[in-house]
Amino acid sequence: MGEKILWYIAAINLISLLYMGEDKRRAKNGSWRISENTLFLLAAIGGALGGLVGMYLFRHKTRKSAFVFGFPLLLIVQIGLIVYFKF
């Protein structure tokens, strides 16, 4: 069971990272954007670390306080859940 959860966490964080990069690319090109709700949903369902890394790697959403404080808060909660449930 724990191995499946680790694979899920790895996958959702990779997806979150890639979505941040894709949204940055679209922002530069003036294209249709990925909604902030989608980015937060990905972070909330386990992809906070990937979103946070993507935010600083791509320098995207770093001026939006909801992201600057929200993603780290979600990450702390997710780490707490992992420790509590001993995945």
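The values are calculated or read from the model by the stated rules, or taken from the named source; none is laboratory data. Small disclaimer: the values here were computed from a predicted structure and weren't measured. Ideal geometry is used to build each Cβ from the backbone, glycine not excepted, and the neighbour counts take in all protein chains shown.
Figures for the structure shown
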| read-out | value |
| --- | --- |
| Qualifying residue in region 24-32 (condition: surrounded by 18 or more Cβ atoms within 10 Å (Cβ to Cβ) and not hydrophobic (A, V, I, L, M, F, W, C)) | yes |
| ARG63 being more than 13 Å from the chain's Cα centre (by Cα), part of a helix (DSSP H, G or I) and surrounded by fewer than 14 Cβ atoms within 10 Å (Cβ to Cβ) | no |
| Checklist (1) modelled with pLDDT under 95; (2) buried (at least 18 other Cβ atoms within 10 Å of the Cβ); (3) of a type in the set (Val, Ile, Thr) applied to ILE82, failing item | (2) |
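Listed here are the residues, each with its yes/no results for (1) modelled with pLDDT of 95 or more; (2) of a type in the set (A, V, I, L, M, F, W, C); (3) under 15 Å from the mean Cα position of the chain (by Cα); (4) exposed (fewer than 14 other Cβ atoms within 10 Å of the Cβ).
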| residue | (1), (2), (3), (4) |
| --- | --- |
| GLU22 | yes, no, yes, no |
| SER35 | yes, no, yes, yes |
| PHE40 | yes, yes, yes, no |
| GLY47 | yes, no, yes, no |
| VAL53 | yes, yes, yes, no |
| PHE58 | yes, yes, yes, no |
